[in-house]
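Written out below as structure tokens is the structure these notes cover.
Coordinate-derived values only; no laboratory data. Computed from a predicted structure; not experimentally measured. Every residue, glycine as well, gets a Cβ built from its backbone with ideal geometry; the counts of neighbours run over all protein chains shown.
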Amino acid sequence: MRTVNKNSVWLPGLLDNLFLENQLDSLNNYETFSIPAINIIENLPNFVVELAAPGLHKEDFTIEVEEDTLKIASKKVEEKKEESNDSRFRKREFDYKSFERSFKLPENIQIEDIQANYENGVLRVTLPKMEEKKVLKKMVEIS
């Protein structure tokens with residue numbers, strides 16, 4: 001299983017650590033490039049995609065399969081909170097208001113049986129594999 005990179009903006013992510021003092025002044029720059037981290041686990045019966053997205057609810061996610069691509073997305077409308085003048089975020093890395101992650105699926109996934117659950121800030125999508133057909137070997141006698 002491979003991740004599909006559709007983000008054409010690679011330069012800010014590459015230079016994040018070089019200009020840290022500039023990042024602290026421009027909060028919105030870093031937030032734009034914040035996407036949840038993932039784990040992809042393969043075992044005998046299935047693949048499991050784990051996506052770390054704290055602070056969201058299961059209703060905030062959409063998961064769809066189109067052709068051979070799994071898309072996990074979230075679009076959350078930010079709730080307006082009264083801001084106090086004495087505090088504000090200087091850096092914010094785990095505020096996933098909206099994102100989309102795409103994964104190219106292998107051919108042996110049973111799309112009808114895909115399951116997902118969200119618990120303790122981790123979205124877990126289970127992708128069951130099809131059972132492999134055993135190759136039968138038979139000797140044919142020539143008459």
GluC sites (Glu not before Pro) restricted to DSSP loop in segment 96-131 with at most 16 other C-beta within 10 Å: Glu107, Glu131
Table column - 3J(HN,Hα) (Hz), segment 125-131, Karplus curve with 6.51, -1.76, 1.60, x for Gly and Pro: 10, 9, 10, x, 8, 6, 5
Pairs from Lys71/Lys129; Lys71/Lys97; Lys58/Lys97; Lys76/Lys129 whose Cα-Cα separation, in the structure shown, is over 22 Å: Lys76/Lys129
Under-5 Å amide H pairs with Asn46, H placed in peptide plane, nonlocal only: Lys129
Backbone HN-Hα couplings from phi across segment 48-60 [Karplus 6.51/-1.76/1.60, Hz, Gly and Pro as x]: 10, 9, 10, 10, 7, 9, x, x, 9, 10, 4, 6, 7
